[in-house]
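To start, the structure itself, in structure tokens.
The values are calculated or read from the model by the stated rules, or taken from the named source; none is laboratory data. Everything numeric here is computed off the predicted structure, so don't read it as measured data. All Cβ positions, even for glycine, are placed from backbone atoms using ideal geometry, and neighbour counts span all protein chains on display. Only protein heavy atoms, including side chains, enter the accessible area calculation; ligands, DNA and RNA are left aside. Shrake-Rupley method; radii C 1.70, N 1.55, O 1.52, S 1.80 Å.
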Amino acid sequence: MMGRLKAKPLLVGQLLCALAIVGLVAHRLDVLGWSDDVEGILLGLLFGDLVVTALIVAAAVGLAHFARLWRQRNRYIFHDGARLYRGDESWPLSLIRDVVIVRSEIGIASLRLVVDDDSEVTRELVKLYLLEDSPEAVRGAVQFAVAGMRGFPAGSAMN
């Protein structure tokens, strides 16, 4: 295990998405009025206002995303000696060249992998505000795993 996720941001994300779903459904039912049959309520919820329906679906997807991260929070970044795993994605350790910290256009910093697979794109490992461990510790652990897989002494790969 190389990196864990903080629990509080994941719980807050789940709570906000659940509150958004409840609020949007309550708004939809208030606008539509209460119908006597279940079919009328469901048809009104699904087809009444497409913007509200899209927001309900987006909140449900967000809730599922944060719930998935919550289940993986204690073993989010790990390796098995051949591959580095991040949640549902994985990369061969032999293709990992470096781990860097990059800020997005809006200023959110994330830990990203430089992978040697003929693409110009770095792969996001984790956003720093979600990371429980220090970024330097995770970066060092990834580089140690890569050096161990390549057969280099660990001291020569560490900065």
Checklist entry - Is it the case that some residue within the range 115-136 is acidic (Asp, Glu), part of a helix (DSSP H, G or I) and either farther than 11 Å from Met2 by Cα or not assigned by the TED database to the domain that holds Leu10 (or both)? => result yes
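Would you call Gly87 of a type in the set (Gly, Ala, Ser), surrounded by 15 or more Cβ atoms within 10 Å (Cβ to Cβ), closer than 20 Å to Arg123 by Cα and in the same structural domain as Val142 (by the TED database)?
yes
Could you identify the single residue in Ile21, Ile77, Ile101 that is in contact (Cβ under 8 Å) with a residue 40 or more places away in the chain and under 26 Å from Phe144 (Cα atoms)? Spell out the reasoning first.
Working: Ile21 fails: under 26 Å from Phe144 (Cα atoms); Ile101 fails: in contact (Cβ under 8 Å) with a residue 40 or more places away in the chain.
Result: Ile77 is the single residue among Ile21, Ile77, Ile101 that is in contact (Cβ under 8 Å) with a residue 40 or more places away in the chain and under 26 Å from Phe144 (Cα atoms).
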Checklist entry - Any chance the range 7-16 includes a residue that's open to solvent by less than 60 Å² (accessible area, probe 1.4 Å) and either part of a strand (DSSP E or B) or out of contact with any Phe, Trp or Tyr (no Cβ under 7 Å at 6 or more places or on another chain) (or both)? => result yes
Checklist entry - So which residues in the range 90-100 are assigned to a helix (DSSP H, G or I) and open to solvent by 50 Å² or more (accessible area, probe 1.4 Å), if there are any at all? => result Ser94, Leu95
Item to check | Number of the condition not met by Arg103 [criteria: (1) loosely packed, with under 13 Cβ neighbours inside 10 Å; (2) outside the structural domain of Asp133 (by the TED database); (3) not acidic (Asp, Glu)] | outcome: (2)
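Rundown of residues vs (1) open to solvent by 40 Å² or more (accessible area, probe 1.4 Å); (2) touching a strand residue (DSSP E or B) at 6+ places or on another chain (Cβ under 9 Å); (3) modelled with pLDDT under 90, yes/no style:
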| position | (1), (2), (3) |
| --- | --- |
| Asp49 | yes, no, yes |
| Leu55 | yes, no, no |
| Ala109 | no, yes, no |
| Leu125 | no, yes, yes |
| Gly140 | no, yes, yes |
